[in-house]
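Sharing a structure here in structure tokens format.
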Amino acid sequence: AGLIEYYNATYGNEGLYNHPPAISSFMVWISYAGDLLHVPFKIIFRLFFTSLDFVIAFYILKILINNPYKYLLTSFYLLSPVTFILSAYHGNTDSSIGLFILAAAYYLSRKKYMLSGFILGLGSWVKWIVFIPAPALLFVIPGIKHKARFIVSAGCALLLGHLPVLMKDPDALINNVWKYGGQMIQTTSGEPVWGNRIFYSKFALLYSKFFNFPSAELFQKWLDWYLGHNSVLIFIVIVAYSWLQRHRRDGIGMFKTIAEVFCIVYAMTNFWSFQYFAWATPFWVFLSPALFLAIAFFTSGYIWLLYSFVCGSYL
């Protein structure tokens, strides 16, 4: 009852509470454990999600078992500023999303379709965003029968974590958790920090110097429509791209597709929070070397400089 009241109290506010029921209960248990051990919540919470980084590293090693650079690539994940800043410093549940997706894809590559679907469904206990690469997984599963097993097991896991609140107050769960599409972060002067919106005003100003159409009002209507349908457009592109890459049925190929799906999300989204990089960090190592190095350099630099600025120190 307390959680439902909290959902309703924060709905429509800037401090919207968007975490699903299961992870919310888990955070309460973590708090109780901290009290018993006399460890502050902010420490024990971060410690748990930091430990998950090593579970992710374990799966990366298993996936890259035949790769001569497996230890180097796994070390990159653990030592990446994106990894340890977002789990051990920022302290959010987003760092666990990559684990659920990685484990689901790993077992799917071993033809354990029901286990794969169930693990992906468990990820929805943390955030629904875990389903972003679901089309990439679904399209590589052979046959309707195996696809159905994957979907049903994922649905059962999802219901296990959401049904208690869904039966009592479905509107609260849907509005706070399932309708949440990210944050549109901007500076105090109104400048966006991420997304295509950064270029809209510059493009509109340049366009107006040479053309009379569209008018500023019409351009704003187009912009509002795009922002209002941003998530739907991203979903359409993800589904189309995943279908085109459905031939990648081997493990490495599948992980590469997932990494590329997240590239699409990050490129197209206008709803952004810095910890969202944690979703995809485990998959960068499966990209081509050039793209992997470029993404590793820019994402690490982006996060490191951002948090250095916030902390007032490069250390």
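The values are calculated or read from the model by the stated rules, or taken from the named source; none is laboratory data. All values reported here derive from a predicted model rather than from experimental measurement. Virtual Cβ from ideal backbone geometry, glycine too; neighbours counted across all protein chains shown. Areas reflect the complete protein model, heavy atoms only, side chains present, ligands, DNA and RNA absent. Shrake-Rupley method; radii C 1.70, N 1.55, O 1.52, S 1.80 Å.
As a test question: what accessible area, to the nearest 10 Å², does residue 62 have when a 1.4 Å probe is rolled over all protein chains in place?
Its heavy atoms expose roughly 70 Å² to the probe.
Go through 291-303, 33-45, 265-277 and give me the packing order, highest mean Cβ count within 10 Å leading.
265-277, 291-303, 33-45
When only Cα pairs under 8 Å and 6 or more residues apart are kept, what is the percent relative contact order across the chain?
Relative contact order of the chain: 23 percent.
Moving on to the next point. Rolling a 1.4 angstrom probe over the protein heavy atoms, how many square angstrom per residue are accessible across the chain?
53
Would you calculate, for the chain, the mean residue ellipticity at 222 nm contributed by helices, counting each DSSP H stretch of 4 or more residues as -39,500 (n - 2.57) and dividing by all residues, to the nearest 500?
On the way: 15 runs with 204 residues, N = 315.
After summing the helix terms and dividing by residue count, I get -20500 deg cm²/dmol.
Could you size up the charge dipole of the stretch 63-201 around its Cα centre, putting +1 on the beta carbon of Lys and Arg and -1 on that of Asp and Glu, and report it in debye to the nearest 20?
It comes to approximately 660 debye.
I'd like the chymotrypsin sites (Phe, Trp or Tyr not before Pro) in the stretch 175-221 restricted to DSSP loop residues with at most 14 other Cβ atoms within 10 Å, sorted by number.
Of the chymotrypsin sites (Phe, Trp or Tyr not before Pro), the ones in loops of the stretch 175-221 whose Cβ has at most 14 other Cβ atoms within 10 Å are 211.
Another one. Whenever you get a sec, line up 94, 171 from highest to lowest accessible area (probe 1.4 Å, protein heavy atoms).
Numbers: 94 0, 171 100 Å².
Largest accessible area first, the residues go 171, 94.
Could I ask something else about it? For Cα Rg over 2.2 N^0.38 Å, which listed value, [x] 1.10; [y] 0.98; [z] 1.05, comes from the coordinates shown?
Label of the calculated value: [z].
What residue among 151, 198, 132 shows peak mean-square fluctuation when the chain is described by a Gaussian network model with Cα springs under 10 Å?
198
So which aspartates and glutamates pass the test for residue 112, namely a Cα distance under 14 Å, with those fewer than 8 places away in the same chain ruled out?
250
Can you list the DSSP H helices in the chain whose Cα atoms extend at least 27 Å along the helix axis and whose mean Kyte-Doolittle hydropathy is 0.0 or higher?
41-63, 144-168, 289-311
If we count every other residue with Cβ under 11 angstrom of residue 149's Cβ, Lys/Arg +1 and Asp/Glu -1, where does the sum land?
It works out to a net charge of +4.
Between rounded, prolate and oblate, where does the stretch 162-315 land on the alpha carbon gyration tensor, with a ≥ b ≥ c its root eigenvalues, rounded for a/c under 1.5, else prolate if a/b exceeds b/c? Mind showing how you got there, number by number?
On the way: a/c = 1.33, a/b = 1.17, b/c = 1.14.
It comes out rounded by the Cα gyration axes.
Moving on. So for the stretch 1-147, averaging the separation of alpha carbon pairs under 8 Å that are six or more residues apart and normalising by length, what relative contact order in percent results? Walk me through the numbers on the way to the answer.
Numbers: 126 pairs, mean separation 30.4, N = 147.
Relative CO of the stretch 1-147 lands at 21 percent.
For the chain, which whole-number percentage of the solvent-accessible area (1.4 Å probe, protein heavy atoms only) is attributable to carbon and sulfur atoms?
Values: 11780 of 16730 Å².
Accessible surface attributable to carbon and sulfur in the chain totals 70 percent.
In whole Å, what is the distance between the alpha-carbon centres of the stretch 1-77 and the stretch 142-201?
Between the Cα centre of the stretch 1-77 and that of the stretch 142-201, the gap is 17 Å.
OK, next. Near the amide H of residue 272, under 5 Å away, which other amide H atoms are found, from residues 5 or more places off or on another chain, if H is placed in the peptide plane?
Those qualifying (amide H under 5 Å, at least 5 residues apart or on another chain) are 183, 184, 185.
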